């Protein structure tokens, strides 16, 4: 699950922008017979109200320095109005610093036709399909140019990549959970060759579910080539409304997890000096039927993104270090954690000076 609340914010900036001239795959409402997910087709955009392409990963320089990255493009639609937002973040573990930037665009000129997925927000680009992509983004002090290619089949969450929320709405959701990365990272003093691993989430649908609460989402890539996705959705009062998860074996075989299959416990908390928001920080996770226990520790405590200028949301999304025991064997790994709903939602101000085609400072 990702930032569902962005819809109202994005359409405001699109009132004078035409819908991009790009072929969109149709998305039905909740159905007993969802359209099967197919590649490379479904790596591209769909005729849906809400959609996002969400990359996270871990980059290593030749010297062994590690950098976490998050790079996402959101697309939202209301009738004929379409808007895009993008977030780019770097966890610089060498300097113990976290940096992020954001952009907001109307639809005109964003979507091209060079590939199944072909998006360009003023030089922030995603291009590719079939589990193979080229990514580019930059901000003051950091720029990346990456090629990512899947090593295993896509994980279709809930077994077929279709999630029925039980209220007449649904979404499609799959992940390329283990992607090999090569490319360049510029730290403001020249390009460095990097390699590593990435994870990509793609979700779309005509849904606006769980608007008043939030969610805790985890992705983990273990060194024994097991991949794990877990999330729990909270109501406004903190009550857990839904839990879902997937465990992907090294051969790509997927096991679906639901209520009662795993337990997530926060071991601490962290309060943002910038926004005053308090988040859980550090977790223990147990998946008994898979003989898996994990300790998930943020690589940096402060990995908060204040994206009120683009999506109206303050959230925490950061790289984490994982120590696990899987079927009796100790194993290490890395992951990403997203925490939403801990700060108030603040929609984009109608009087904002941010307009279509304008990067946000």
Of the conditions (1) over 27 Å from residue 44 (Cβ atoms); (2) surrounded by fewer than 16 Cβ atoms within 10 Å (Cβ to Cβ); (3) touching a helix residue (DSSP H, G or I) at 6+ places or on another chain (Cβ under 7 Å), residue 247 satisfies every one except a single condition; which number is it? (2)
Members of segment 36-60 that are outside any strand (DSSP E or B) and surrounded by fewer than 16 Cβ atoms within 10 Å (Cβ to Cβ): 36, 38, 40, 41
How many residues of segment 122-141 are part of a strand (DSSP E or B), farther than 20 Å from residue 178 by Cβ and touching a residue at least 60 places away in the same chain (Cβ under 8 Å)? The answer is 1
Could you say whether any residue in segment 264-280 is within 30 Å of residue 151 (Cα to Cα) and touching a strand residue (DSSP E or B) at 6+ places or on another chain (Cβ under 6 Å)? yes
So the strands (runs of 3 or more DSSP E) completely within segment 263-331 holding 1 or more residues that are farther than 26 Å from residue 73 by Cβ are 263-266, 269-271, 278-280, 283-287, 292-298, 313-326
Which number in (1) surrounded by 22 or more Cβ atoms within 10 Å (Cβ to Cβ); (2) part of a loop (DSSP other than H, G, I, E, B) marks the one condition that residue 63 misses? (1)
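A quick yes/no check of all residues on (1) surrounded by 22 or more Cβ atoms within 10 Å (Cβ to Cβ); (2) in contact with a strand residue (DSSP E or B) (Cβ under 6 Å, 6 or more places away or on another chain); (3) assigned to a strand (DSSP E or B):
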{"residue": "184", "(1), (2), (3)": "no, yes, yes"}
{"residue": "202", "(1), (2), (3)": "yes, yes, yes"}
{"residue": "218", "(1), (2), (3)": "yes, yes, yes"}
{"residue": "221", "(1), (2), (3)": "yes, yes, yes"}
{"residue": "229", "(1), (2), (3)": "yes, yes, yes"}
{"residue": "238", "(1), (2), (3)": "no, no, no"}
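Only the coordinates and a few stated rules stand behind these numbers; no lab work does. These numbers were taken from a predicted model, which means no experiment stands behind them. For neighbour counting, all protein chains shown are included, and Cβ atoms are generated from backbone atoms with ideal geometry for every residue, glycine included.
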